[in-house]
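The values are calculated or read from the model by the stated rules, or taken from the named source; none is laboratory data. A quick note: this is a predicted structure, and the numbers were derived from the prediction, not measured. Cβ: placed from backbone, ideal geometry, glycine included. Neighbour counts: every protein chain shown.
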Amino acid sequence: MRVALGQFNAIVGDLAGNAEKMQKIWAEAMESNVDLLAFPELAVCGYPPEDLLLKKHFLQDNRLIVDKLAADCPDKTIVVGFAETYRENTYNSAAVLRAGQIERIYRKGLLVDYGVFDEPRCFQPRIESVIINIAGLNVAVTICADIWDIEWLAGLLDNTNQIQMILNISASPFHLGKIDKRQEVVGRCAKKFTCAVSYCNLIGGQDELVFDGSSCFADSTGKLITRGRAFAEDLIIADVIPAADGTVQVKPLKPWTQQPTDVLEEVYQALVLGTRDYARKNGFEKVLLGLSGGIDSSVAGAIAVAALGPENVVGITMPSKFNSPETIADAEITAKNLGIEFLTIPIEPILKQFDQALNKAPGWDSKGIAYENLQARIRGGILMSLSNQYGSLVLTTGNKSETAVGYATLYGDTAGGFAVIKDVPKTMVYKLAQHINKTAGRQIIPADVLNRPPTAELRPGQIDADSLPDYDLLDKILKGYVEEDKSPRQLVESGLPKEVVLRVIRMVDRNEYKRRQSPPGVKITPKAFGKDRRLPITNRYNSLDDKV
């Protein structure tokens with residue numbers, strides 16, 4: 001049996017466009033004479049469709065597209081994911097298309113409601129297996145999480161005919177370590193059921209999520225035989241061959257495609273794809289961002305150029321009297337290295353006018369934190385005004401460490417449409433900068449930017465260390481508290497300094513309101529701010545009550 005996995009970049013809600021892409025993939029697969037072609041989970045409507053599923057006409061249109069796809073692609077067998085209404089319920093379904101019509105439908109049994117997932121909000125589960133026979137081989141159709149719980153899957157497939165392959169169509173978003181984890185799940189499933197497993201995953205950026213593809217085949221020993229491209233569309237084809245001893249072999253038609261070389265390359269590609277798709281899928285040709293001469297804006301600018309091309313990125317420096325000649329120069333050098341348009345709009349005259357006007361208010365302090373934040377708000381206003389004028393998307397440049405502790409100005413450096421490195425800890429930002437330079441074989445980001453102590457430059461001699469712990473320590477605390485949900489006691493018992501732990505947790509807890517008003521950004525860690533971590537803004541639970 002020859003099997004093809006068509007991982008492609010679906011757009012949520014673009015039913016006709018997604019179907020057109022699938023027809024082109026089908027035509028390509030037919031040239032290789034495949035017996036079975038699979039597309040990802042909810043390929044017809046894109047993932048996640050969220051509350052589009054509450055619209056009856058949306059579900060009806062899903063079915064119409066599947067019927068048309070079946071009629072337009074009558075040769076061989078196709079399995080495609082779509083959203084379905086059936087007997088007054090809504091299902092995450094996989095349609096088996098043969099001979100120009102829908103032959104069978106499998107409805108997802110294991111719905112997920114953790115992290116970014118909220119499937120039970122709109123979908124219902126259905127525990128009923130679907131086994132199809134293709135070229136004399138029995139194939140069990142499953143969807144995403146169905147294969148992550150081996151014991152549940154064993155119950156689903158109990159009392160079925162011997163199967164030679166499990167097909168899993170998926171929309172599994174990326175985060176650090178996810179690709180390896182998926183391969184482990186696929187291998188474990190193949191070994192458990194002594195059959196081949198073919199796994200077809202979605203690719204593309206959807207709001208904060210990035211789907212990396214990495215579709216794969218495993219043989220009946222659990223060995224991964226081949227894997228598709230990461231963060232790019234691909235058609236992976238392999239022959240599934242049962243042996244006399246009951247084992248099932250997998251022979252790919254082409255060698256493994258080139259894969260990301262390390263974790264940093266995975267993160268970099270995820271950020272590039274997420275930025276590109278957010279801009280393009282929302283109708284933006286160009287983006288603009290503030291270039292301060294600092295590490296965050298330099299990395300965000302480099303990612304934007306990789307995503308959209310230098311001709312579509314504009315960098316803007318907005319110096320005040322507190323900006324050093326070195327950072328101003330580094331902003332210009334970075335823009336030149338990136339090959340982007342570069343504008344200089346000094347804010348000192350505007351700052352003076354604002355300050356004079358605000359001095360009429362009793363208690364206004366021209367040397368306090370409100371004055372410092374005023375500078376960021378002026379810069380945010382300039383960027384949003386240019387966005388309004390040119391129709392360009394503003395990229396914000398704050399990292400996860402700053403976002404966590406509220407080291408950002410609301411309506412200032414948080415003003416924008418998309419936060420490129422929102423989920424990237426500060427320590428990783430530095431590593432990404434080094435990776436960008438290494439990959440380019442030259443200094444895209446100047447050495448001074450990498451070596452200079454980070455600073456917001458909102459007052460004389462200011463550096464981040466005046467307000468925050470060392471970033472190595474800060475990121476360890478944030479990883480434990482935000483991503484691993486550890487208590488203050490657990491963090492201190494792990495060896496982290498008590499006073500710093502308590503201070504950081506206070507900052508995290510009291511800045512939820514800022515994070516709620518920040519733009520979306522690419523998720524790359526196991527738990528990102530946003531859909532992953534939904535805490536109330538008004539919240540009197542004090543984790544510090546747990547005596548440390």
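Of the residues Val424, Val394, Val429, the single one that is part of a helix (DSSP H, G or I) and of a type in the set (Val, Ile, Thr) is Val429.
Close contacts from the stretch 181-193, counting a first residue that is aromatic (Phe, Trp, Tyr) and a second that is in a helix (DSSP H, G or I) and surrounded by fewer than 16 Cβ atoms within 10 Å (Cβ to Cβ), with Cβ to Cβ under 9 Å and a gap of 6+ residues or different chains, come to Phe193/Ile150; Phe193/Ala154.
Considering Ser387, Ser401, the condition of being surrounded by 22 or more Cβ atoms within 10 Å (Cβ to Cβ) and either in contact with a Leu (Cβ under 7 Å, 6 or more places away or on another chain) or at pLDDT 95 or above (or both) is satisfied by Ser401 alone. Condition test on Asp239, is it assigned to a loop (DSSP other than H, G, I, E, B), in the same structural domain as Leu15 (by TED's automatic domain parsing) and not small (Gly, Ala, Ser)? No: the conditions fail for Asp239. Among the residues making up the stretch 139-174, a single one is modelled with pLDDT of 95 or more and out of contact with any Leu (no Cβ under 9 Å at 6 or more places or on another chain): Asn168. Scanning the stretch 444-462 for residues that are under 29 Å from Ile303 (Cα atoms), in a loop (DSSP other than H, G, I, E, B) and out of contact with any Lys or Arg (no Cβ under 9 Å at 6 or more places or on another chain) returns Ile444, Ile445, Pro446, Arg452, Pro453, Thr455, Ala456, Glu457, Leu458, Gln462.
Taking the condition of a type in the set (Gly, Ala, Ser) and in a loop (DSSP other than H, G, I, E, B), does Ser292 pass? Talk me through it step by step, then tell me what you get.
Working: of a type in the set (Gly, Ala, Ser): yes; in a loop (DSSP other than H, G, I, E, B): yes.
Yes; evaluated as a whole, the condition is true for this residue.
Residue check: is Lys438 crowded, with 16+ Cβ neighbours inside 10 Å, of a type in the set (Lys, Arg) and under 29 Å from Leu209 (Cα atoms)?
On the way: crowded, with 16+ Cβ neighbours inside 10 Å: no; of a type in the set (Lys, Arg): yes; under 29 Å from Leu209 (Cα atoms): yes.
So Lys438 fails the test.
Count of the stretch 29-47 residues, restricted to those that are within 17 Å of Phe8 (Cα to Cα), part of a loop (DSSP other than H, G, I, E, B) and touching a strand residue (DSSP E or B) at 6+ places or on another chain (Cβ under 6 Å), is 7. The set of residues in the stretch 310-328 being part of a strand (DSSP E or B) and over 19 Å from Leu374 (Cβ atoms) consists of Val313, Val314, Gly315. Residue count for the stretch 356-384 under the criterion of being surrounded by 13 or more Cβ atoms within 10 Å (Cβ to Cβ) and either touching a residue at least 40 places away in the same chain (Cβ under 8 Å) or of a type outside the set (Gly, Ala, Ser) (or both): the result is 14.
Enumerate the helices (runs of 4 or more DSSP H) found wholly within the stretch 470-548, keeping only those where 3 or more residues are among the charged types (D, E, K, R) and either crowded, with 20+ Cβ neighbours inside 10 Å or in contact (Cβ under 8 Å) with a residue 40 or more places away in the chain (or both).
Helices (runs of 4 or more DSSP H) meeting the threshold: 471-478.
Got a sec? Which of Ile163, Ile132 is crowded, with 17+ Cβ neighbours inside 10 Å, under 19 Å from Gly81 (Cα atoms) and out of contact with any Asp or Glu (no Cβ under 6 Å at 6 or more places or on another chain)? Answer to the check: Ile132.
Cβ-Cβ distances below 8 Å connect no pair with a first residue in the stretch 60-81 that is closer than 22 Å to Lys108 by Cα and assigned by TED's automatic domain parsing to the domain that holds Glu103, a second residue that is part of a helix (DSSP H, G or I) and of a type in the set (D, E, K, R), and a separation of six or more residues or different chains.
Out of curiosity, is Thr261 among the polar types (S, T, N, Q) and either over 29 Å from Asp14 (Cβ atoms) or part of a loop (DSSP other than H, G, I, E, B) (or both)? So Thr261 passes the test.
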